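Notes for the one structure printed next.
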């Protein structure tokens, strides 16, 4: 028999492209694992995905989680591309005692509630925000063209992701002694952000910290250009700017944008090889969502091998002990040698880059030991 894993992502609506990236990454991993003989400790059982569509709506996401768990009998789920879905879905999976790997949602609270069945592959919002502020405090020393950054504005979409990021950003700005000029929020479905960007501009910032999804990031970038803020660094918190569609759609308007990321397809040999395989399979450029969709399936597969059982509780226990280790030939594309979960359900270590869009491609520019190009001041 096959072992079923549910995917809980938005497959329609404003975040459909983001969700599709994660699902494609998961599909590629499933195909590779099955081609290599499946889960050997389970007699070569094949993995199977049950692809659910959350539509980007919490109530739909919770209903779909319950459906795939109770009706489709999945052993575990991954998701969700949105913190606003990961929070309530994790409540549902905890009640239903089903392992849930959050592969691309960063709200702090997801792994701060003591849940036993929730695991997360990417750093929490507080880590992303701290890294953004660290970059601001050091970038002028790296490239004097940035000048002295003292005044910083924040703008964010108004769901759990954006609100959590903004709170963490403001905390770390204060810690660093930087002045916070204004906090501006908007719904991620916004089609015009002229008013919001006008407020940013009026606050006279030296830099702007952004927390966005894809469509709203593009709307924000267009408003930034219209209001002549192109020389002010805009630094995204690992959201829509990471999507290859951002520079592909916007062209020069996207140039010099920054974003934190935990994965870049051009950062190292492993990520280059994986992105090449992904491009050949789907005719799409790979991003962080796809990488973590891919990696989450490999973590489940290794945990299943170790558990030797297709029981949800046995899998949960195995996840608390599982490791992907580069030294053992496991495919790790981020700058860590081992992936393992701590007692909170987070990865043991954070691994973050600052990427910048240069010549239409997001490229690592910080920290120096991971950079593949020099950081460039916006023009």
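What follows is calculated from the coordinates using simple rules that are stated; it is not laboratory data. Predicted model, so just to flag it, every value in this text is computed and none were measured. Note that we place each Cβ from the backbone using ideal geometry, even for glycine, and neighbour counts take in every protein chain shown.
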Could you state the per residue volume, in Å³, of the convex hull enclosing the Cα atoms of the stretch 192-308? 133 Å³
Pull out the extension gain between residue 151 and residue 91, defined as 0.36 nm times the separation in residues minus the alpha carbon to alpha carbon distance; nm, one decimal. 17.7 nm
Would you please give the FRET efficiency between residue 12 and residue 176, computed as 1/(1 + (r/R0)^6) with r the Cβ-Cβ distance and R0 = 51 Å, to the nearest 0.05? 0.80
Three-way shape label, the stretch 72-127, alpha-carbon gyration tensor, a/c 1.5: prolate
Residue-span extension gain [residue 112 to residue 225] - 0.36 nm each, minus C-alpha spacing: 36.8 nm
Order by neighbour count: 9, 341, 263, fewest other Cβ atoms within 10 Å first, most last. 341, 263, 9
Computed on Cα atoms only, the convex hull of the stretch 1-88 has an orientation-averaged projected area in nm² of 5.6 nm²
Given 0.36 nm per residue, what is the gain on full extension from residue 370 to residue 331 after removing their alpha carbon distance, in nm? 12.2 nm
Using Cα-only point scatterers and the Debye equation, what is log10 of I(q)/I(0) for the stretch 19-166 at each q in 0.19, 0.20 Å⁻¹, rounded to two decimals? -1.14, -1.22
Hey, what did the stretch 1-151 get for relative contact order, percent, Cα under 8 Å, at least 6 apart? 20 percent
When the Debye formula is applied to the Cα atoms of the chain, each taken as the same point scatterer, what base-10 log of I(q)/I(0) results at q = 0.14, 0.15 Å⁻¹? -1.14, -1.30
Just to be sure I understand: of the beta bridges DSSP finds with both ends in the stretch 1-100, what percent are antiparallel, rounded to 5? 10 percent
Helix 214-226 axis, angle to the chain major axis (alpha carbon atoms, nearest 10°): 10 degrees
Any idea what the relative contact order of the chain is, in percent, if you count C-alpha pairs under 8 Å spaced at least 6 apart? 18 percent
The stretch 301-340-the stretch 189-205 distance, computed between alpha-carbon centres (Å): 44 Å
So what is the relative contact order of the stretch 137-213, in percent, for Cα pairs below 8 Å that sit 6 or more residues apart? 42 percent
Return the inverse of the average 1/r over all pairs of distinct C-alpha atoms in the stretch 105-171, which is the Kirkwood hydrodynamic radius, in Å to one decimal. 13.5 Å
For the stretch 110-226, shape from the Cα gyration tensor axes a ≥ b ≥ c, cut at a/c of 1.5 then a/b versus b/c, turns out oblate
With a ≥ b ≥ c from the Cα gyration tensor eigenvalues, square-rooted, and the rule rounded for a/c under 1.5, otherwise prolate when a/b > b/c and oblate otherwise, the stretch 266-379 is prolate
